[in-house]
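Have a look at the structure below before the remarks.
All of the numbers you see were taken from the coordinates with simple rules; none came from a lab. Since we're looking at a predicted model, the values are computed, not measured. Don't worry about glycine lacking a Cβ; one is built from the backbone with ideal geometry, like all the others, and counts go over all protein chains shown.
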Amino acid sequence: MTGPMTQESINQLIDSVAEELLMADPSNLQDLGKILDCFQKIQQEAHEEGLIRAADAAEAAGSLVRCMILDEVSDREETFDVISQTVSALQQMMRPGVDAENIFFPEKLPLSAAAKNKKDKQKFILPPHIDEEIYSDFLAERDGVLEQMESHLLVLEKVKDRETIADLRRIFHTLKGEAAIFELNDVANICHGTEDLIDSSGEELPIDKLLKIKDWLKDVFDALKNNHDMPQLHEQLFHETDAPQGETASAAQTVQHEEAPSQPVETAMSGDIDLLLDFVSEAQEHMDKIDNELLSLESNPEDDETLNAVFRVFHTLKGAAGFLALNDISRLAHITENLLDLARKGNVILSGEKIDVVFESLDLMKKLVANLRQAVSVGKTTYASESTLEATINRIEAITIGKTIEPAEKKTEHAVEEQREQPAEKAPDVKAKEQELQPQQKKAVVKIKESVKVDSETLDQLVDAIGELVIIESMIRQDQAVISAKSSRLNSNIRQMDKITRELQQLGMSLRMIPVKGTFQKMSRVVRDLAKKGDKKIEFTVKGEDTMLDKSVVDKIGDPLIHLVRNSVDHGIEKSTEERKNANKSETGNVILRAFHKGGNIYIEIEDDGRGLNKDAILHKAMEKGLVRDGQALSEREIFNLVFLPGFSTAKKVTDVSGRGVGMDVVRKTLEELRGNIEIVSEPGFGSTFSLRLPLTLAIIDGMLVGVGRERYIVPTLSIVESIRPSREDLNTIANRGEMIQIRDRLIPLFRLSNLFRIEGAKDDPTEGLIIVVEDSGNMTGILVDELLGQQSTVIKSLGDTLKGLPGISGGSIMSDGKVGLILDIAGIVKLATTENSMTFSKT
Amino acid sequence: MADTSMRVLVVDDFSTMRRIIRNILKQLGFESIEEAEDGQIALEKLLNGEFKFVITDWNMPNMTGLDLLKSIRADDSLKDIPVLLVTAEAEKENVIQAAQAGVNDYIVKPFTAEVLKQKIDKIFG
């Protein structure tokens, strides 16, 4: 028992704080700091001694001192008086023989707040930098999370399953991070403690306790949703883990903000071009530096020093930009800083999309600073913002709280030039600053909509059903009985039904559409990595990243894109800056990745300004590998296409970066599976462009219905170049290459569907039939059919496993008469025609 | 008003920030302004020169503003030099820590010359 000793030391502390108070200047921070120190010690010792009232009073007095330090009190003198009176009361209380209960503390001492902080209710106030919508969204999702928590716990009560435990822990971990963002400190603390509890319990989880915690969390979130006071935190809830440390927030809330936030410098900076230029060059220098640090964070996301270095750059950028009234930069830096701060504190781990957005923010920041430099260098008073700013800020905000939002509202457009001049005061302006100080939520452009999670299978079924509806609708519309019906009401109803069906079809398609952004973002990292490894300077630009594509397409193009981007960086861009300089190019190589819409297709292009493809080398190699015969005359396009052949690789040696994973042949194969194709345009010395064409959706295909004998087939419209009826002199049979047809100055293989599918009764003479010229990856082939039957959109049906992989057929479809039509696999047919025609189908 | 001829040390790792603060100080009539880019360099300069006032950032590499402050207060020859902390509005905990470590005042960025003048007047008043 240290009783008397400790009591004595408490008395001494109280005396010393009384002394300090006498000497102190209520506006002197040093004095206040010392006083706060004393109160904290008194609180601690009184608490240890079981003198709860004294401890509470010391805590409350301390919280007042904190408010004074933070300049959050309206009347310093008065607050100071309250503190002094408290100390007197404390002195009395500690006298021997005095009944502590008879001592009264000043009314204005936020005693109850101090006490409540520990265990009682408090009203939660949303931190000012958090968007209310994000907050309400966060709350809306809590029920699901808590339900999951509960169901995990119930499972664990019966079966000890490591995975479920890990998942449960993850739920608490995530919740902790999210709660920390909203400064729901009690929740964050409880979650933190629960994580520890789970860790220390091994497989024997205290289920009851965890359920109680879950119930408490439920109460908290229910209260927050209904804007009630926060529920009490039961102390027994959490004995062995750290009880949440009450913030002095509620004490702070009892006093008011007195001073408005300071305003930016009004005069000193105006028109100070030098200063702006300084800012630009320093900002660029710092940003270049953290590029590497971000990269190393990728592999080691919890390296404190690096995290802090990155944080510091954004933090400093924010501060300096604030002075210079560069609002865009300041805001972007601020929001990124928030995320980094959480990472620094260990609340989130910077991986996956979290590091992606930091990269993205850095990129955007670079653009903004570059725009600023440009503007300043020509003495302009405005500098260009970036159209992606709001979206990026919103995304970072969303990711900061642990969710991804798709900028669904963004209209996709092939933005040729994304920059847009936006008036932004360069000269600092009080008014501009005031606007900036307004809550930022008003500026939010991308709203987080209520959303329902649907598993993609259900979605597919829905899209499928819509497809069926489209077909049945067109069957009804084309039904003879309907066409001959005289009722004008029926006709107008049918028209209406047609319209609605079309809308439904559009909607169904759009459900599966997601932006390519996520995939594109990964590429930035690939480029960074490669550039660093290959010691190359590369500027990577991404355009049209909001372009929407069918989800399954987006999922599948990732690997091919990585390969192509690697290819551009590794082989496209010159090995050394000297090589570039000698070629009269900038030291920094450029790689551009863009996506855009054109004619019902989506194009993704990877362009570099490097060496370009070497035709001779490709040809030489292809011959070496026996892919081309000697003396075979090939067009430039055909030569480029050789690189897609299996077994072809232009790299002299397989490097770490390019030789891995998918090869060019796999790239093309993937694209063909997606019913797209790839083409290369390349100019030696000026660079290459790989252009990927992809269908908007995989569910529906625009097709041309053709008849061969009694069979009907669907040819995807996007592969069709033209259809012609050949004359006799256009037809040739060439030794070793089979039947060929002359179309203007080109000689292309002629392919008979009737041969492949062994169709009886098909027209044998090409001059009587029709030749559909199709193209795949730059190779053209003529397909001989009997007749064209019409054009229609059809819903693609899988043929099932047994019929999968039939040569020449990619799928089936229900046609408007209810019968099944087969969809031709053009890529497959072209391949058959160009490689096997000579052997199998030649009729020499 | 403080003596504008006194030597002032501005500590910040970001040179633009140093320059901004320097400009404001000049505007207020201060002539003898030196800069340091982190706490360590600042401490060396302080030990070698007759500085009367330190304006420092919080988060810096090598030595933070708080450590600089503590080192100043722990050194007999420096302990009486007034220190003004430059901070961002969200860093309340830092302010409390700084107050307990003996900072003279803090200022939230961005700030005006007027606000800085008030703070300096208060410190030297």
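Computed values, structure above
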item	result
Global form of the stretch A:520-695, assessed from the alpha-carbon gyration tensor, a/c cut-off 1.5	oblate
Global geometry of the stretch B:7-124, whether rounded, prolate or oblate, following the gyration tensor of its Cα atoms and the 1.5 cut on a/c	rounded
Amide hydrogen neighbours beyond the local backbone of B:Y106, cut-off 5 Å, H modeled	B:L85
Residues whose placed amide H lies under 5 Å from that of A:M740, excluding near-sequence neighbours	A:N732, A:T733, A:I734, A:L750
Derived scalar couplings ³J(HN,Hα) [the stretch A:341-351; Karplus, 6.51 cos²θ - 1.76 cosθ + 1.60; whole Hz; x for Gly, Pro]	5, 4, 5, 4, 7, x, 7, 10, 10, 7, 9
Sites matching trypsin sites (Lys or Arg not before Pro) across the stretch A:722-764 that sit in DSSP coil, with at most 10 neighbouring C-beta atoms within 10 Å	A:R744, A:R758
Order of A:Y383, A:Y135 - criterion: other Cβ atoms within 10 Å of each residue's Cβ, fewest first	A:Y135, A:Y383
Relative contact order (%) - the stretch B:7-124, alpha-carbon pairs under 8 angstrom, separation at least six	23
³J(HN,Hα) computed for each position of the stretch A:486-494 - Karplus, 6.51 cos²θ - 1.76 cosθ + 1.60, integer Hz, glycine/proline x	9, 5, 6, 5, 4, 4, 6, 5, 5
In Hz, Karplus ³J(HN,Hα) per residue of the stretch A:463-472 (6.51, -1.76, 1.60; θ = phi - 60°; x = Gly, Pro)	4, 4, 4, 4, x, 4, 4, 4, 5, 5
Leading residue at positive end of dipole, the stretch A:456-511 (Cβ point charges), from A:L490, A:A465, A:S510	A:L490
A:E729, A:E360, A:E579 arranged by Cβ crowding within 10 Å, fewest neighbours leading	A:E729, A:E579, A:E360
GluC sites (Glu not before Pro) within the stretch B:30-125, DSSP loop, no more than 10 other Cβ atoms inside 10 Å	B:E50
Charge-dipole axis of the stretch B:7-125 as Lys and Arg at +1 and Asp and Glu at -1 on Cβ define it, positive-most pick from B:G125, B:T64, B:I33	B:G125
Within-14-Å neighbourhood charge of B:A98 [Cβ basis; K, R +1; D, E -1]	-2
Given charges at Cβ of Lys, Arg, Asp, Glu: chain B dipole, positive-most of B:Y106, B:L116, B:I55	B:L116
Amide H contacts of B:F53 (H built 1.01 Å from N, under 5 Å, at least 5 apart or other chain)	B:L9
